[in-house]
1. Tell me, yes or no, whether the stretch 208-215 has at least one residue that is surrounded by fewer than 16 Cβ atoms within 10 Å (Cβ to Cβ) and part of a loop (DSSP other than H, G, I, E, B).
2. Could you identify the single residue in SER164, SER151, SER144 that is in the same structural domain as TYR277 (by TED's automatic domain parsing) and either within 30 Å of PRO243 (Cα to Cα) or in contact with a Cys (Cβ under 8 Å, 6 or more places away or on another chain) (or both)?
3. Enumerate the helices (runs of 4 or more DSSP H) found wholly within the stretch 102-194, keeping only those where 3 or more residues are under 28 Å from the mean Cα position of the chain (by Cα) and touching a residue at least 40 places away in the same chain (Cβ under 8 Å).
4. Regarding ALA318, is this residue assigned to a helix (DSSP H, G or I) and either surrounded by fewer than 17 Cβ atoms within 10 Å (Cβ to Cβ) or among the aliphatic types (A, V, I, L, M) (or both)?
5. Look at PHE159 and say whether it is modelled with pLDDT under 90 and among the hydrophobic types (A, V, I, L, M, F, W, C).
6. Out of (1) over 25 Å from LEU195 (Cβ atoms); (2) at pLDDT 85 or above; (3) under 14 Å from the mean Cα position of the chain (by Cα), the odd one out for MET252 is which?
7. All but one of (1) crowded, with 17+ Cβ neighbours inside 10 Å; (2) aliphatic (A, V, I, L, M); (3) out of contact with any Gly (no Cβ under 6 Å at 6 or more places or on another chain) hold for LEU222; which doesn't?
8. I'm trying to understand the selection: among the residues of the stretch 278-324, which are within 26 Å of PHE191 (Cβ to Cβ) and small (Gly, Ala, Ser)?
Amino acid sequence: METAQRKKGDELMPNLQTVNSTPATFRDKWKHSEFYKYFKYKYLTLLILPAILYFAVFAYGPVYGLQIAFKDYNFFDGIWGSEWVGLAHFERLWQMQSFKEVFVNTVVISLYKFIFGFPAPIIFALLLNELRYVLFKRWVQTVSYFPHFVSWVILAGIFTQFLSPSIGPINILIKSLGFEPIYFLADTQWFRTVLVTTDIWKDLGWGTIIYLAALSGINPELYEVAKVDGASRFQRIRYVTLPGLYPVITIMMVLTIGKLINDDFDQVFNLYNPAVYSVGDVLSTYTYRMGLVNMEYSFATAVGLFKNLISLVMVLGANAIAKRLNDYGLW
């Protein structure tokens, strides 16, 4: 009986092998492709279409116009009709003393923001995480988030009044102590300090969101074990909390380094004035003046393209270094 069943099974095996060896149809390949997931979950795909259209129109669409950085753009001739000049505008960049000054200002201000601004949300998140009163913790979070949603146009007006040498509360306090008032927004020695301080204040609370989310993912048992072993609160932060934040800190650092050459146009444009151009004029404001005010569209595009290429190199370099140091990175 068993022998007969085994023979019958052996006779069926070639047929099964034939079926299994049959090449997959187009329908089978389609169902196992990545694009099928978008079709299968078409309603979820529809939800991300606005974001895709936004980046397609406002991020990738303008790439077409980058070619005017290599042309002597004329409005009446159009992009295609304008004369090709190659790298002439890029050569002009390094021949202009004003561009070198602006480039140094951008790097210095960005480094200040990185040195003092990058650790600020990490420290603030650690402090919030140690609070035991939930209602007070939520209140502090809400208050700290609020400045992020206020535009620099409004904040610039507030800071202008707040730092005013005549009616500003800080200068009133300074004068009451017997010192001369300080023109914070018109003094080259103080303007960069104002930029860095106001930038940290505005985005401090918003920057803590990612770190608080990472803190919530740390296993509470690790804290209990550390506490049983006699670790103090500071030691628990050092040996449990911070190692749990390393992946997030690394990724945020890579992204921040990639933005070092960038600057906050809204902030600088609304706070600076000709008196502090020597220390406050940055690449974005310089591009604005050269492109829209002086109507040198090709030169302004060359400045913007140069800045973006440096940002790309810095992101790639920072990610490679991060991967070598602790195996964490963007990709």
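1. no
2. On the way: SER164 fails: either within 30 Å of PRO243 (Cα to Cα) or in contact with a Cys (Cβ under 8 Å, 6 or more places away or on another chain) (or both); SER151 fails: either within 30 Å of PRO243 (Cα to Cα) or in contact with a Cys (Cβ under 8 Å, 6 or more places away or on another chain) (or both).
Checking each option against the conditions leaves just SER144.
3. Numbers: elements: 119-129, 134-145, 152-162, 169-176.
Fully inside the stretch 102-194 and qualifying: 119-129, 134-145, 152-162.
4. Here the answer is yes, as ALA318 does meet what is asked.
5. no
6. MET252 satisfies every listed condition except (1).
7. Result: LEU222 fails condition (1) only.
8. SER278, GLY280, SER284, GLY291, ALA300, GLY304, SER311
The values are calculated or read from the model by the stated rules, or taken from the named source; none is laboratory data. Note that the structure is a prediction, hence the values are computed from the model and not measured. Glycine also receives a Cβ, built like all others from the backbone with ideal geometry; neighbour counts cover every protein chain displayed.
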